[in-house]
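Each value in this text was obtained by applying a stated rule to the coordinates, not by laboratory testing. These numbers come from a predicted model, not from an experiment. Counting neighbours? That spans all protein chains shown, and the Cβs are built from the backbone with ideal geometry, glycine included.
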Amino acid sequence: MAQLSYRTAGESHGPALTILIEGLPAGVGIDTELINAELTRRQGGYGRGGRMKIERDAVTILSGVRQGRAIGSPLVLQIVNRDSRIDEAPPVHRPRPGHADMAGAIKWLTPDCRETLERASARETASRTAAGAVAKCLLREFGIEAVGFVAELGPIRAVVADGETGPALRSARDANDVYCPDASVVDAMMAHIRQAKIDQDSVGGIVETRVFGAPIGLGSCWSFDQKLDGRLMQAVGSIQAIKGVEIGLGFDAARRPGSQVHDALDFDPAGRDEPHLGLVRRSNRAGGLEGGMTNGMPIVVRAAMKPIATLLQGMDSVNLLTFAPERSDYERSDVCAVPAASVVMENVVAFEIARAFVEKFGGDTLDEARAAYSSFMSTVRARFGGGRLNA
Ligand code: EPS
């Protein structure tokens with residue numbers, strides 16, 4: 001089975017972030033502009049702090065690409081940190097509740113939380129965004145696109161219809177600074193962030209990603225670790241500050257009878273040529289996944305981001321040098337990174353979809369992946385639906 005994978009390395013104030021990607025089929029066009037546009041979008045969003053005024057995130061490709069195309073060897077990307085000062089950065093002895101500070105200090109036997117926080121920092125999400133953007137270079141060859149947006153910010157909820165198309169969602173989201181497709185709540189979201197800043201507090205929210213154009217059958221029900229819903233939950237749940245992940249109805253499915261949870265199935269001959277082969281649902285409460293496999297409907301993943309742990313007002317904490325009660329340390333920080341998290345999540349989801357895609361259709365080269373994809377579609381056409389797929 002072909003395997004697409006990535007690893008990241010790098011500290012928040014170290015010299016650079018590094019991303020190693022393996023298993024990308026040769027021939028995929030690597031669109032540096034697309035990758036850098038995602039990095040820029042991640043740096044933005046209303047509520048960001050001073051650091052993002054310093055950084056100008058952009059990738060340098062160190063290996064795996066020739067003349068703009070993947071050659072199949074490991075790809076290494078680098079993002080330079082402008083605010084590189086890890087050796088001079090002050091020690092942190094008073095852990096911030098909610099950050100990795102305390103657990104990391106005890107685990108690695110150092111009362112200086114900086115040794116932990118440098119890697120735990122959400123700076124690492126720039127690496128994951130870059131990896132996901134590379135995955136998008138593959139997905140777009142097959143008409144698959146992921147669109148992430150802010151669905152809720154603090155108590156303010158956007159209304160985003162189930163039937164929105166990818167391009168409509170994307171352009172509505174890109175029209176404002178909170179990356180929310182519902183224009184009617186944008187001002188309230190921004191006011192909420194402004195108030196949190198005045199209160200020296202921070203703000204969380206809910207981010208959502210929808211994936212359009214995935215064929216039926218990505219992922220597998222054979223083994224727990226192949227189930228795509230579980231893999232998406234792991235990948236999204238590992239993004240800094242994420243405390244909950246839902247697919248489709250998510251937790252709400254538990255509160256309803258089955259007849260109001262499952263999605264009735266129809267055959268729509270007009271959709272024969274779509275990735276869903278015309279096997280459409282009257283609703284998408286499953287969020288595009290059944291039995292750990294894609295079912296042809298848009299994949300819908302939502303995640304809850306807690307408010308950032310670094311509070312200007314501080315919180316009651318303990319000095320790790322003395323165990324005396326003291327307020328937590330303040331590190332320069334963002335008031336709200338929910339819009340940024342929507343970008344990170346979109347790219348993290350894109351990577352997992354690409355990984356599942358490569359497992360089913362991948363080979364050494366993009367040409368072979370294309371051939372495998374079209375062979376699968378034509379085999380389905382020949383075997384299912386009594387000829388109605390070919391009518
Ligand atoms: C972060 C603290 C801040 C954020 C950072 C995440 O960094 P600094 O301590 O340098 O001001 O800006 O996020 C990023 C650097 C980023 O690229 O998103 C933290 O403690 O998690």
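Each of A382 and L109 was given a label point 7 Å from its Cα along the Cα-to-Cβ line. The distance between the two points is 6.4 nm.
Loop only by DSSP, 16 or fewer other Cβ within 10 Å of the Cβ. Give me the trypsin sites (Lys or Arg not before Pro) in the range 1-93 that pass, ordered by residue number. Could you put the intermediate results ahead of the total?
Values: sites: R7, R41, R42, R48, R51, K53, R56, R66, R69, R82, R85; in loops: R48, R56, R82, R85.
Of the trypsin sites (Lys or Arg not before Pro), the ones in loops of the range 1-93 whose Cβ has at most 16 other Cβ atoms within 10 Å are R56, R82, R85.
For I308, the residues whose amide H sits under 5 Å from its own are V203, A337, ignoring neighbours fewer than 5 places away on the same chain, with H placed 1.01 Å from N. Ordering Y330, Y6, Y373, Y179 by the number of other Cβ atoms within 10 Å of each residue's own Cβ, fewest first, gives Y330, Y373, Y6, Y179. When you filter the chymotrypsin sites (Phe, Trp or Tyr not before Pro) in the range 203-258 for DSSP loop state and at most 16 other Cβ atoms inside 10 Å of their Cβ, you are left with W222. Fully extended, how many nm does the chain gain between L312 and L62 (0.36 nm per residue separation, minus their Cα-Cα distance)? That pair, L312 and L62, stretches by 86.1 nm at full extension.
Among L139, A103, A286, whose Cα projects farthest towards the positive end of the dipole of the range 5-390, with charges put on the beta-carbon of Lys, Arg (+1) and Asp, Glu (-1)? Most positive-ward Cα: A286. Scalar couplings 3J(HN,Hα) for the range 114-127, obtained by applying the Karplus form with A = 6.51, B = -1.76, C = 1.60 to θ = phi - 60°, are 4, 4, 8, 5, 4, 8, 5, 3, 5, 3, 4, 5, 5, 5 Hz; x denotes Gly and Pro.
Compared with the direct C-alpha span, the chain from F251 to A188 gains 20.1 nm at full extension, assuming 0.36 nm per residue. Contact order, relative form, for the chain: 23 percent (alpha carbon pairs under 8 Å, 6 or more residues apart, mean separation divided by residue count).
Expressed in nm², what is the orientationally averaged projection area of the convex hull enclosing the Cα positions of the range 130-202? Intermediate results must be reported in sequence, preceding the final value.
On the way: hull surface 24.5 nm².
Convex hull of Cα atoms, orientation-averaged projection: 6.1 nm².
The length gained on full extension between A391 and E368, counted as 0.36 nm times the residue separation minus their Cα-Cα distance, comes to 5.5 nm.
As a rough footprinting exposure proxy, the listed residues V159, V348, V261 were ranked by other beta carbons within 10 Å of their own, and the order from fewest upward is V159, V261, V348. By the Kirkwood approach, averaging reciprocal distances over each pair of separate Cα atoms, the chain gets a hydrodynamic radius of 22.2 Å.
Regarding the range 252-386, what whole-number volume in Å³ per residue does the convex hull of its Cα atoms give? Intermediate values should be presented prior to the final figure.
Details: hull volume 29.0 nm³, N = 135.
It is 215 Å³ per residue.
Could you state the angle between the C-alpha long axis of helix 338-361 and the longest principal axis of the C-alpha atoms of the chain, as a value from 0 to 90 degrees rounded to the nearest 10? Around 40 degrees separate the two axes.
Spacing of the modelled spin labels on E274 and I71, each 7 Å from Cα toward Cβ, amounts to 4.2 nm. Rank T40, T125, T209 by mean-square fluctuation in a GNM of the chain with C-alpha springs under 10 angstrom and give only the top-ranked residue. Among T40, T125, T209, the largest GNM mean-square fluctuation belongs to T40. Shown in residue order for the range 142-148 are the 3J(HN,Hα) couplings computed by the Karplus curve 6.51 cos²θ - 1.76 cosθ + 1.60 at θ = phi - 60°: 10, x, 9, 9, 10, 10, x Hz (x for Gly and Pro).
Calculated from DSSP H runs of 4 or more alone, at -39500 (n - 2.57) each and per residue, what is the 222 nm mean residue ellipticity of the chain, nearest 500? Each step should come with its number before you reach the end.
Numbers: 10 runs with 118 residues, N = 391.
Computed ellipticity for the chain at 222 nm equals -9500 deg cm²/dmol.
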